[in-house]
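Here's the structure, in structure tokens; my notes come after.
The values are calculated or read from the model by the stated rules, or taken from the named source; none is laboratory data. Bear in mind that the values here come from a model prediction, so they are computed numbers and not experimental data. Heads up, the Cβs are rebuilt from the backbone with ideal geometry, glycines too, and the neighbour counts pull from every protein chain shown.
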Amino acid sequence: MSTPLSGTGAARIVATMRAAKPWWASTSIYQVYPRSFADSNGDGIGDLPGVVSRLDHLVELGVETVWLSPFFCSPQRDFGYDVSGYRDVAPEYGTLEDAQRLIDEAHRRGLAIVFDLVLNHTSDEHPWFIESRSSRTNPKADWYVWADAKRDRLGRPAPPNNWRSELQLPRAWQWCEERQQWYLASFLSFQPDLNWRNAEVRAEMFDMVRMWLRRGVDGFRLDIFGSCMQDAALRDNDRWPRIYGGIPRLQTPNRTLNTEDCFALAGDLRAICDEFAPDRVLLGEVFGPSSVLRRYVSDGDRAGLHLVFLFDFLAARYSASVYRALIERFERDFPAPMAPTYVLENHDRTRSLSRLGGDQRKARVLAALLCTLRGVPVLYQGQEIAMENRYIPLADAKDPVANVVGKRLPEWLNRALPERLNRDEVRTPMQWTAGPNGGFCPEGVTPWLPLHDNWRERNVETEARDPDSLFAWYRTLLALRTERAALREGALELAPEEARDVIRFDRIAAGERLTIAANLGDSPARVRLDDGATLLATSDRGCALDHREVTLAPHAAIVALRAR
Ligand code: ISL
Ligand code: CA
């Protein structure tokens, strides 16, 4: 490959060098789900050479960091989140050389690249687990979390405590005949939890982390990091159902999630990253109230993860007051120099446009907030071209979560749920062109999941030609983010509520003040800008600015430069 560094890429590198803050505090992240991104060899499965062939799309879009879901050796029962070899690439995705080429090609374009580490568990087909489960005395006997059975009233073996898996319904313990013991599986039964109290496990995993850092990756997204270390004494969770971090739970996860030991592990991982220059980033997938999650980033004097996902926007109602309350909370819990993150969708959750009833005006409002709020925006592949959930009945699901939890549900109930139980629905192939298979894989090949029916109208090629597309709007916003110091690293001032459906805030850096205003209501709204302003970008041509006052069309957003 010999694409020259594009203008945007170069501008970005210069902007990053000039920045006073570390690059990761103001970057923008794009999640690639490799299996569904681009298939280079016609087997219907996306792969690493496919990702390399499409990196220019990310440069054109204007994101700065690419995060790839796992492509390591795996039996693919959870599509890569069940790792059977951390140091090599699954053959369907490519080779170690392909992974290296991906790192290098990303860097050549000025993109940072982040891999996905599943530290909490391995596949039950990992050689470590096969050995560990074989007896109570083998060299890896203590590499996973094993516990003796209790006896129930009838004398039958019962699990050691009441812990439920992160999927709520199944319990967290799985029985092993060979050892006559239970092993912990915080997610699915075939994903046994590693024992992070074992010094050999820590040494091996830390060494693997260093191997990828030496190869040049810019950091890691850490899969269900808050589940890595549970209560050492295996005490019961409080058994009361509760909503914790916005998620309804059948029991309070006080002994299983976000333990003191997890916060300490964050610090240990940070120390490893800090051995390397330039700066690397650790982005934790953690669940809980933001006031608790903050401890992963900064716990007393000790630095931990650089960033954590804040998932509240994934489920929040489209409403100015709901969003305002969330922004206030994130600003309170993650004040500068910490940076909050903003996430609208990912490979596990309902597509944001589907949540918005398919209304692209609303998607544009959300895009404006995502790209102009203080902190790090995270986009999921296809979000930029208005991809939506593709309904796939539970009976056809490839997703193991749908198969474990969902198969018990009647289909009518599944359809009525606000969240997709069958995660296949948000993992359909990326829509590149109006051609066969949307350009994801060659004509005549059956992609591993069906495409959304709307691929002929909604695809990168078509949207790139249309100046009014969602893709064009994202490009405008991300370009502004790169150019404007106020957006990249300025302070945020949230305006008090002025009208029920309006949300408005300022971003302020030395010598520059920007106002972002959005109308989330069905009628036009007026916003006063007393000292005058110039319109930099609008999501809707129906927005008018007369220097001191802007009239926002229904479900429209603007970015304006304020006179000083
Ligand atoms: O997918 C979910 C529910 O259906 C989420 O709540 C999920 O439990 C949570 O996002 C953790 O997900 C992560 O770890 C899983 C993997 O299957 C997901 O794809 C990953 O994002 C196990 O490794
Ligand atoms: Ca392939």
Options D104, D152, D142: the member that is surrounded by fewer than 20 Cβ atoms within 10 Å (Cβ to Cβ) and without any contact (Cβ under 8 Å) to a residue 24 or more places away in the chain: D152
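Of all residues in the range 254-263, which are of a type outside the set (K, R) and touching a residue at least 12 places away in the same chain (Cβ under 8 Å)?
First, the residues of the range 254-263 that are of a type outside the set (K, R): 254, 256-263.
Selection gives N254, T256, L257, N258, T259, D261, C262, F263.
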Residues of the range 231-246 satisfying the condition of being out of contact with any Gly (no Cβ under 9 Å at 6 or more places or on another chain) and of a type outside the set (G, A, S): D231, L234, R235, D236, N237, D238, R239, W240, P241, R242, I243
Among (1) more than 24 Å from the chain's Cα centre (by Cα); (2) under 23 Å from V308 (Cα atoms) - the single one L111 does not satisfy: (1)
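Would you tally the residues in the range 68-90 being aliphatic (A, V, I, L, M) and within 14 Å of ligand 1 (Cβ to nearest atom)? I'd like the intermediate steps shown before the answer.
Looking only at the range 68-90, we keep the residues that are aliphatic (A, V, I, L, M), and these are 68, 83, 89-90.
The next check asks that each one be within 14 Å of ligand 1 (Cβ to nearest atom); those that pass are 68, 83.
Residues flagged as aliphatic (A, V, I, L, M) and within 14 Å of ligand 1 (Cβ to nearest atom) within the range 68-90 amount to 2.
Which one of these is more than 16 Å from ligand 2 (Cβ to nearest atom), under 30 Å from N403 (Cα atoms) and hydrophobic (A, V, I, L, M, F, W, C): V89, V83? Give the derivation first.
Numbers: V89 fails: more than 16 Å from ligand 2 (Cβ to nearest atom).
Testing whether each residue is more than 16 Å from ligand 2 (Cβ to nearest atom), under 30 Å from N403 (Cα atoms) and hydrophobic (A, V, I, L, M, F, W, C) leaves just V83.
Among the candidates E463, E457, E425, E489, single out the residue that is more than 16 Å from ligand 2 (Cβ to nearest atom), closer than 20 Å to G50 by Cβ and in contact (Cβ under 8 Å) with a residue 12 or more places away in the chain. First the steps, then the outcome.
On the way: E457 fails: closer than 20 Å to G50 by Cβ; E425 fails: closer than 20 Å to G50 by Cβ; E489 fails: closer than 20 Å to G50 by Cβ.
Going through E463, E457, E425, E489 in turn, the sole match is E463.
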Residue within the range 417-428 that is modelled with pLDDT under 90, surrounded by 22 or more Cβ atoms within 10 Å (Cβ to Cβ) and under 23 Å from W455 (Cβ atoms) present: yes
Members of the range 377-414 that are more than 25 Å from I45 (Cα to Cα) and surrounded by 15 or more Cβ atoms within 10 Å (Cβ to Cβ): P377, V405, L409, N414
Single condition R351 does not satisfy, out of (1) touching a residue at least 60 places away in the same chain (Cβ under 8 Å); (2) within 16 Å of ligand 1 (Cβ to nearest atom); (3) surrounded by fewer than 19 Cβ atoms within 10 Å (Cβ to Cβ): (3)
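Name the one entry in G444, G406 that is over 27 Å from L366 (Cβ atoms) and either modelled with pLDDT under 95 or outside the structural domain of L48 (by TED's automatic domain parsing) (or both). Quick ask: steps written out before the conclusion?
Working: G444 fails: either modelled with pLDDT under 95 or outside the structural domain of L48 (by TED's automatic domain parsing) (or both).
Going through G444, G406 in turn, just one is over 27 Å from L366 (Cβ atoms) and either modelled with pLDDT under 95 or outside the structural domain of L48 (by TED's automatic domain parsing) (or both): G406.
Do any strands (runs of 3 or more DSSP E) lying entirely in the range 143-258 carry at least 1 residues that are at positive phi, and which ones are they? Reasoning before the result, please.
Working: elements: 173-176, 181-184, 219-222, 242-244, 247-249.
Filter on the range 143-258 gives 219-222.
What do you reckon, is L188 within 19 Å of D78 (Cα to Cα), more than 16 Å from ligand 2 (Cβ to nearest atom) and either modelled with pLDDT under 95 or outside the structural domain of Y296 (by TED's automatic domain parsing) (or both)? Quick ask: steps written out before the conclusion?
Details: within 19 Å of D78 (Cα to Cα): yes; more than 16 Å from ligand 2 (Cβ to nearest atom): yes; either modelled with pLDDT under 95 or outside the structural domain of Y296 (by TED's automatic domain parsing) (or both): yes.
When the stated conditions are applied, L188 passes them.
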Qualifying residue in the range 380-389 (condition: within 18 Å of I327 (Cβ to Cβ), away from ligand 1 (no atom under 14 Å from the Cβ) and in a helix (DSSP H, G or I)): no
Residue check, D98 charged (D, E, K, R), away from ligand 1 (no atom under 16 Å from the Cβ), buried (at least 18 other Cβ atoms within 10 Å of the Cβ) and in a helix (DSSP H, G or I): yes
Selection within the range 112-127 - buried (at least 23 other Cβ atoms within 10 Å of the Cβ) and either closer than 19 Å to W182 by Cβ or charged (D, E, K, R) (or both): D116, N120, H121, T122, S123, D124, H126
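In the range 46-57, what residues are more than 16 Å from ligand 1 (Cβ to nearest atom) and buried (at least 23 other Cβ atoms within 10 Å of the Cβ)?
Keep residues of the range 46-57 that are more than 16 Å from ligand 1 (Cβ to nearest atom), which gives 47-57.
The answer is D47, L48, G50, V51.
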Candidates L310, L283, L293, filtered to the one that is in contact with a helix residue (DSSP H, G or I) (Cβ under 9 Å, 6 or more places away or on another chain), buried (at least 20 other Cβ atoms within 10 Å of the Cβ) and closer than 20 Å to L213 by Cα: L283
Enumeration of residues in the range 213-250 that are under 30 Å from D98 (Cα atoms) and crowded, with 19+ Cβ neighbours inside 10 Å: V217, D218, G219, F220, R221, L222, D223, I224, F225, C228
The range 215-251: number of residues that are out of contact with any helix residue (DSSP H, G or I) (no Cβ under 9 Å at 6 or more places or on another chain), of a type in the set (D, E, K, R), in contact (Cβ under 8 Å) with a residue 12 or more places away in the chain and away from ligand 1 (no atom under 12 Å from the Cβ): 4
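Does at least one position in the range 53-64 carry a residue that is near ligand 2 (Cβ under 10 Å from one of its atoms) and in contact (Cβ under 8 Å) with a residue 24 or more places away in the chain?
Within the range 53-64, the subset near ligand 2 (Cβ under 10 Å from one of its atoms) is none.
For the range 53-64, residues near ligand 2 (Cβ under 10 Å from one of its atoms) and in contact (Cβ under 8 Å) with a residue 24 or more places away in the chain: absent.
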All positions within the range 281-336 that are more than 20 Å from the chain's Cα centre (by Cα), among the small types (G, A, S) and closer than 20 Å to R270 by Cα: S298, G300, A303, A336
